[in-house]
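Everything on this sheet refers to the single structure shown next.
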Amino acid sequence: NVRGPFLVCQAALPHLPPKSEGGGGRIINITSAVSTDPEVQQLAYATSKGAIATLTRCLAKELPPTYGCTVNAVSPGIIKSPQFLGELQRTGGAFLTQIFDARTPVDGWIGLPEDVAFAVAFLAEERASWINGASLNVSGGMFLD
(Lines give C-alpha, C1' and ligand atoms only; values in the text may rest on other atoms or scores of the structure.)
Protein backbone atom coordinates (compact mmCIF):
# COMPACT_ATOMS: atom_id res chain seq x y z
CA ASN A 1 0.00 0.00 0.00
CA VAL A 2 2.90 2.41 0.54
CA ARG A 3 5.47 1.50 -2.08
CA GLY A 4 3.22 2.16 -5.09
CA PRO A 5 2.18 5.72 -4.16
CA PHE A 6 5.76 6.55 -3.12
CA LEU A 7 7.19 5.35 -6.43
CA VAL A 8 4.47 7.09 -8.47
CA CYS A 9 5.13 10.40 -6.69
CA GLN A 10 8.86 9.97 -7.18
CA ALA A 11 8.42 9.21 -10.89
CA ALA A 12 5.92 12.05 -11.49
CA LEU A 13 7.86 14.89 -9.88
CA PRO A 14 10.42 15.39 -12.66
CA HIS A 15 7.57 15.71 -15.16
CA LEU A 16 5.63 18.42 -13.33
CA PRO A 17 5.92 21.78 -15.06
CA PRO A 18 7.55 24.48 -12.93
CA LYS A 19 5.46 27.39 -11.72
CA SER A 20 7.21 29.64 -14.27
CA GLU A 21 5.75 27.46 -17.06
CA GLY A 22 2.21 27.33 -15.73
CA GLY A 23 2.80 24.88 -12.88
CA GLY A 24 -0.33 24.10 -10.95
CA GLY A 25 0.19 20.35 -10.88
CA ARG A 26 -1.71 18.12 -8.49
CA ILE A 27 -0.67 15.00 -6.64
CA ILE A 28 -3.64 13.27 -5.02
CA ASN A 29 -3.02 10.12 -3.01
CA ILE A 30 -5.69 7.71 -1.79
CA THR A 31 -5.39 6.70 1.84
CA SER A 32 -8.15 5.42 4.14
CA ALA A 33 -10.26 6.72 6.98
CA VAL A 34 -9.03 3.79 9.08
CA SER A 35 -5.58 5.41 9.12
CA THR A 36 -6.89 7.78 11.81
CA ASP A 37 -9.67 5.62 13.30
CA PRO A 38 -8.68 1.95 12.89
CA GLU A 39 -10.85 -1.03 13.68
CA VAL A 40 -9.68 -4.23 15.36
CA GLN A 41 -7.55 -6.52 13.16
CA GLN A 42 -6.53 -3.73 10.78
CA LEU A 43 -3.00 -3.15 12.07
CA ALA A 44 -1.09 -3.62 8.81
CA TYR A 45 -3.71 -1.95 6.60
CA ALA A 46 -4.23 1.06 8.89
CA THR A 47 -0.47 1.49 9.34
CA SER A 48 0.20 1.41 5.59
CA LYS A 49 -2.60 3.88 4.86
CA GLY A 50 -1.31 6.13 7.65
CA ALA A 51 2.09 6.05 5.96
CA ILE A 52 0.47 7.33 2.74
CA ALA A 53 -1.13 10.19 4.69
CA THR A 54 2.29 11.05 6.13
CA LEU A 55 3.90 10.79 2.68
CA THR A 56 1.29 13.29 1.45
CA ARG A 57 1.96 15.80 4.23
CA CYS A 58 5.76 15.49 3.97
CA LEU A 59 5.74 15.91 0.21
CA ALA A 60 3.43 18.93 0.52
CA LYS A 61 5.98 20.55 2.84
CA GLU A 62 9.12 19.49 0.99
CA LEU A 63 8.10 20.19 -2.60
CA PRO A 64 9.84 23.40 -3.67
CA PRO A 65 7.50 26.37 -4.25
CA THR A 66 8.91 26.62 -7.77
CA TYR A 67 6.62 23.72 -8.72
CA GLY A 68 3.35 25.43 -7.82
CA CYS A 69 2.01 21.93 -7.17
CA THR A 70 -0.30 20.84 -4.38
CA VAL A 71 -0.17 17.45 -2.68
CA ASN A 72 -3.30 16.13 -0.99
CA ALA A 73 -5.04 12.88 -0.15
CA VAL A 74 -8.55 11.51 -0.22
CA SER A 75 -9.39 9.32 2.75
CA PRO A 76 -12.43 7.14 1.98
CA GLY A 77 -14.43 5.25 4.56
CA ILE A 78 -16.54 2.25 3.63
CA ILE A 79 -17.22 2.29 -0.12
CA LYS A 80 -19.58 0.03 -2.06
CA SER A 81 -16.90 -1.89 -3.92
CA PRO A 82 -16.68 -5.49 -5.12
CA GLN A 83 -14.42 -6.25 -2.13
CA PHE A 84 -16.90 -4.83 0.35
CA LEU A 85 -19.89 -6.51 -1.29
CA GLY A 86 -18.01 -9.82 -1.12
CA GLU A 87 -17.44 -9.28 2.60
CA LEU A 88 -21.13 -8.51 3.11
CA GLN A 89 -22.06 -11.70 1.31
CA ARG A 90 -19.52 -13.73 3.28
CA THR A 91 -20.73 -12.46 6.67
CA GLY A 92 -24.43 -12.17 5.93
CA GLY A 93 -24.25 -8.41 6.31
CA ALA A 94 -26.80 -7.90 9.10
CA PHE A 95 -24.21 -7.20 11.79
CA LEU A 96 -22.22 -4.84 9.56
CA THR A 97 -25.37 -3.01 8.50
CA GLN A 98 -26.27 -2.33 12.16
CA ILE A 99 -22.79 -0.98 12.87
CA PHE A 100 -22.74 1.28 9.80
CA ASP A 101 -26.26 2.59 10.42
CA ALA A 102 -25.32 3.49 13.99
CA ARG A 103 -22.00 5.17 13.10
CA THR A 104 -22.88 7.11 9.94
CA PRO A 105 -24.80 10.34 10.58
CA VAL A 106 -25.45 11.04 6.88
CA ASP A 107 -28.30 9.35 4.99
CA GLY A 108 -27.14 6.27 3.15
CA TRP A 109 -24.98 3.98 5.20
CA ILE A 110 -22.33 3.28 2.57
CA GLY A 111 -20.36 5.46 0.18
CA LEU A 112 -20.20 5.01 -3.57
CA PRO A 113 -17.13 5.07 -5.82
CA GLU A 114 -18.53 8.31 -7.26
CA ASP A 115 -18.16 9.96 -3.84
CA VAL A 116 -14.41 9.29 -3.91
CA ALA A 117 -14.14 10.39 -7.55
CA PHE A 118 -15.90 13.68 -6.72
CA ALA A 119 -13.42 14.38 -3.90
CA VAL A 120 -10.45 13.68 -6.20
CA ALA A 121 -11.95 15.87 -8.94
CA PHE A 122 -12.48 18.70 -6.44
CA LEU A 123 -8.85 18.59 -5.25
CA ALA A 124 -7.69 18.57 -8.89
CA GLU A 125 -9.61 21.78 -9.71
CA GLU A 126 -7.97 25.19 -9.90
CA ARG A 127 -10.39 26.35 -7.18
CA ALA A 128 -8.60 23.97 -4.77
CA SER A 129 -5.19 25.52 -5.43
CA TRP A 130 -4.94 26.84 -1.86
CA ILE A 131 -5.46 23.38 -0.33
CA ASN A 132 -2.14 21.65 0.28
CA GLY A 133 -1.13 18.81 2.61
CA ALA A 134 -4.73 17.95 3.45
CA SER A 135 -6.51 14.64 3.69
CA LEU A 136 -10.16 14.92 2.70
CA ASN A 137 -12.30 12.55 4.78
CA VAL A 138 -14.95 10.91 2.57
CA SER A 139 -16.78 8.66 5.01
CA GLY A 140 -20.19 10.22 5.58
CA GLY A 141 -19.03 10.99 9.12
CA MET A 142 -18.43 7.35 10.01
CA PHE A 143 -14.74 8.00 10.63
CA LEU A 144 -13.84 11.36 12.14
CA ASP A 145 -10.26 12.41 12.72
Q. Checking Gly24 against (1) buried (at least 18 other Cβ atoms within 10 Å of the Cβ); (2) in contact with a Cys (Cβ under 8 Å, 6 or more places away or on another chain); (3) at pLDDT below 95, which single condition isn't satisfied?
A. (1)
**Q.** Qualifying positions in region 87-131 - modelled with pLDDT under 85, not in a helix (DSSP H, G or I) and not polar (S, T, N, Q)
**A.** Gly92, Gly93, Pro105, Val106, Asp107, Gly108, Trp109, Ile110
Q) Would you call Ala46 more than 22 Å from Phe122 (Cα to Cα), touching a Ser or Thr at 6+ places or on another chain (Cβ under 6 Å) and in a helix (DSSP H, G or I)? A) yes
Q.
Cβ contacts < 6 Å: first residue touching a residue at least 24 places away in the same chain (Cβ under 8 Å), restricted to region 18-33; second residue among the small types (Gly, Ala, Ser) and surrounded by fewer than 17 Cβ atoms within 10 Å (Cβ to Cβ), any location; separation 6+ or different chain. Result?
A. Arg26/Ala124
Q: Tell me which residues, restricted to region 31-69, are buried (at least 18 other Cβ atoms within 10 Å of the Cβ) and among the aliphatic types (A, V, I, L, M).
A: Ala33, Val34, Ala46, Ile52, Ala53, Leu55, Leu59, Ala60, Leu63
Q: Kindly indicate whether Gln83 is of a type in the set (S, T, N, Q), under 21 Å from Val120 (Cβ atoms) and surrounded by fewer than 17 Cβ atoms within 10 Å (Cβ to Cβ).
A: yes
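The values are calculated or read from the model by the stated rules, or taken from the named source; none is laboratory data. All values reported here derive from a predicted model rather than from experimental measurement. No Cβ is skipped: glycine too gets one built from the backbone with ideal geometry, and neighbour counts run over all protein chains shown.
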